[in-house]
Amino acid sequence: MIKKAIYPGSFDPLTNGHLDLIKRGVAVFGGLTVAVAENVKKTPLFSVGERLEMIGTATSGLPEVTVISFEGLLTDYCRSAGINIILRGLRVVSDFEAELQSASINRQLCPELETVFMTPSDDCAYLSSSIVKELAGLSGKIEKMVPPIVYHKLKERFKNGSSL
Ligand code: ADP
């Protein structure tokens, strides 16, 4: 059976932690669909279009990566696209409870979908989109935390000290 893996998330914005996981996913599964969820409850800083563009640019050297966005249930998208593996990242212990819950719900909705967890390299273990946005808003140093395209987009968004 063909194994097709998806890496879903908000990616608001993509960080080097996400990129680390994408590369690990490609190494293990041979190819990977990075999927931006459109119906996230949190108000995003970047539009879906901007997030797709940033991920596309940051992964342009990885031909095995496909970038898409989806609306509605992840399990419905996976069924329609013939995807059978969900990749998620585990950083700190605090990720565990929510990830276990969503893996369990997704299994109830679609038993043939398997969730696989990977951990990032140590230097990405505490990196999150939220911390990067917070730092960018306070003019903190974020060059080493995000791909260059994301760095420039964040600089532009916060150039007057605010995202508005
Ligand atoms: P979501 O809102 O769905 O959690 P995120 O964009 O925050 O979306 O994260 C997508 C996935 O990437 C999640 O599985 C998350 O745990 C994982 N992730 C986020 N940051 C990192 C990181 N620094 N290292 C490894 N995995 C990460």
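Return yes or no: is residue 70 touching a residue at least 12 places away in the same chain (Cβ under 8 Å), closer than 17 Å to residue 32 by Cβ, touching a helix residue (DSSP H, G or I) at 6+ places or on another chain (Cβ under 8 Å) and more than 10 Å from the ligand (Cβ to nearest atom)? Spell out the reasoning first.
Working: touching a residue at least 12 places away in the same chain (Cβ under 8 Å): yes; closer than 17 Å to residue 32 by Cβ: yes; touching a helix residue (DSSP H, G or I) at 6+ places or on another chain (Cβ under 8 Å): yes; more than 10 Å from the ligand (Cβ to nearest atom): yes.
Spelling it out, residue 70 is indeed touching a residue at least 12 places away in the same chain (Cβ under 8 Å), closer than 17 Å to residue 32 by Cβ, touching a helix residue (DSSP H, G or I) at 6+ places or on another chain (Cβ under 8 Å) and more than 10 Å from the ligand (Cβ to nearest atom).
Given the options 105, 55, name the one that is more than 12 Å from residue 34 (Cβ to Cβ), part of a helix (DSSP H, G or I) and among the aliphatic types (A, V, I, L, M). Break it down into steps so the answer makes sense when it comes.
Values: 55 fails: more than 12 Å from residue 34 (Cβ to Cβ).
Only one candidate qualifies: 105.
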Residues in the range 23-78 that are on the phi > 0 side of the Ramachandran plot and under 14 Å from the mean Cα position of the chain (by Cα): how many?
0
Could you grab me the full set of residues in the range 38-57 that are closer than 22 Å to residue 85 by Cβ and either of a type in the set (Asp, Glu) or in contact with a helix residue (DSSP H, G or I) (Cβ under 7 Å, 6 or more places away or on another chain) (or both)?
38
In the set 34, 26, the lone residue that is at pLDDT 95 or above, surrounded by 18 or more Cβ atoms within 10 Å (Cβ to Cβ) and in a helix (DSSP H, G or I) is 26
I need the full set of residues from the range 81-102 which are more than 10 Å from the ligand (Cβ to nearest atom), assigned to a helix (DSSP H, G or I) and closer than 16 Å to residue 7 by Cα, in order please.
81, 100
Just to be sure before I move on: is residue 145 in a loop (DSSP other than H, G, I, E, B) and hydrophobic (A, V, I, L, M, F, W, C) in the structure I sent?
yes
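Residues being within 9 Å of the ligand (Cβ to nearest atom) and either open to solvent by less than 90 Å² (accessible area, probe 1.4 Å) or in contact with a Leu (Cβ under 8 Å, 6 or more places away or on another chain) (or both): count how many of those fall in the range 103-144.
Filtering the range 103-144 down to residues within 9 Å of the ligand (Cβ to nearest atom) leaves 117-121, 124-130.
Filter again for either open to solvent by less than 90 Å² (accessible area, probe 1.4 Å) or in contact with a Leu (Cβ under 8 Å, 6 or more places away or on another chain) (or both), leaving 117-121, 124-125, 127-130.
The number of residues fulfilling the criteria is 11.
The values are calculated or read from the model by the stated rules, or taken from the named source; none is laboratory data. Keep in mind it's a predicted model, so treat the numbers as computed, not measured. So basically every Cβ, Gly included, is an ideal-geometry build from the backbone, and we count neighbours across all protein chains shown. Please note that ligands, DNA and RNA were not included when accessible areas were found on the heavy atoms of the full protein model with its side chains. Shrake-Rupley method; radii C 1.70, N 1.55, O 1.52, S 1.80 Å.
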